[in-house]
Amino acid sequence: MIQVIDRVAKIIALLQSNRECSLTDTAKHIGVSLQAASNILRTLVHLKWVNVNNSRYSLGEGLLSIAVTEGRWQLLKFICEPAAAALSRETGELVVVACLIDGKRYPIVTSVFNRTIMLNTDDSLYTSPFLTVTGAILFAFANRQEQEYIYNMHGIPKDAWPQIKNKSILMACLTRIKKQGFCIRKSAGKEKMSLAVPIFGTDEKVWASLGILLPAFRYTPGLGKKLLKAMQKHAEEIRKQLYLLEKK
């Protein structure tokens, strides 16, 4: 193992078991000089992995948020896999569950019902939230700081969202999506229709989005209403299961 990574791992383990430690305790634990320990801790403080208060060090919010995100991801995957499979069986369509991590959209569950006509699902591999309706939902329900971060990372959607010409139009569109509580979009090639709704977590914030993808020639407004109703029902069931599991 690279030496500095080994030392960082030992510092994190020390802070996990002791809550707070001094510079001297840390240096002694990892077997380095005070100056070397100070340099490592200074970097970890800069990354927000470690907090320092009155020369005492503790785990920082940056590291804790990574742990929370990973735990949330695993919990969502555990609950959403059977829920997505049930929705796919109920509707006969491709179902995707995605979450937002560090400004990027990640698919965590995909369920495909066995149909004669299959769709190209490569869009489930994209990382920009602009490229899919599940990403658009996540972007719309992110807080303003997160939206600015995503915008600075990805810029204007361009071909993926051709009606978005500037930032003002983008933000207005996100506001509309959040207000209506769902997103429906036809692909750039007009061969696919996608629908998505938010999945709320136990803190009343959106943890993930639930999407359905189907051929555009089969889509009708009436079918869209039925699909949205089914998606909202399953999203609510997922929220209830998250709440019950977290309370155990």
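The values are calculated or read from the model by the stated rules, or taken from the named source; none is laboratory data. No experiment lies behind these values; they were computed from the predicted model shown. All Cβ positions, glycine included, derive from the backbone under ideal geometry; neighbour counts span all protein chains shown.
Being among the basic types (Lys, Arg), surrounded by fewer than 16 Cβ atoms within 10 Å (Cβ to Cβ) and modelled with pLDDT under 90 is true of residue 115.
When the test is whether a residue is in a helix (DSSP H, G or I) and modelled with pLDDT of 95 or more, residue 228 passes it. Against the conditions (1) polar (S, T, N, Q); (2) assigned by TED's automatic domain parsing to the domain that holds residue 207; (3) in a helix (DSSP H, G or I); (4) at pLDDT 80 or above, residue 74 satisfies every one except (4).
All of 184, 169, 238 fail the test of being in a strand (DSSP E or B) and aliphatic (A, V, I, L, M), apart from 184. Are any of the residues in segment 156-165 within 22 Å of the chain's Cα centre (by Cα) and exposed (fewer than 15 other Cβ atoms within 10 Å of the Cβ)? Yes, because at least one residue in segment 156-165 is within 22 Å of the chain's Cα centre (by Cα) and exposed (fewer than 15 other Cβ atoms within 10 Å of the Cβ). Within segment 135-163, the set of residues being over 11 Å from residue 174 (Cβ atoms) and of a type in the set (Gly, Ala, Ser) comprises 135, 155, 160.
Here is a yes/no grid of residues against (1) touching a residue at least 12 places away in the same chain (Cβ under 8 Å); (2) surrounded by 15 or more Cβ atoms within 10 Å (Cβ to Cβ); (3) over 18 Å from residue 83 (Cα atoms); (4) touching a Cys at 6+ places or on another chain (Cβ under 8 Å):
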site: 174; (1), (2), (3), (4): yes, yes, yes, no
site: 185; (1), (2), (3), (4): yes, yes, yes, no
site: 193; (1), (2), (3), (4): yes, yes, yes, no
site: 196; (1), (2), (3), (4): yes, yes, no, yes
site: 200; (1), (2), (3), (4): yes, yes, no, no
site: 205; (1), (2), (3), (4): yes, no, yes, no
site: 209; (1), (2), (3), (4): yes, yes, no, yes
site: 231; (1), (2), (3), (4): yes, yes, no, no
site: 241; (1), (2), (3), (4): yes, yes, no, no
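If you go through segment 138-155 and keep only what is hydrophobic (A, V, I, L, M, F, W, C) and surrounded by 18 or more Cβ atoms within 10 Å (Cβ to Cβ), you end up with 138, 139, 140, 141, 142, 150.
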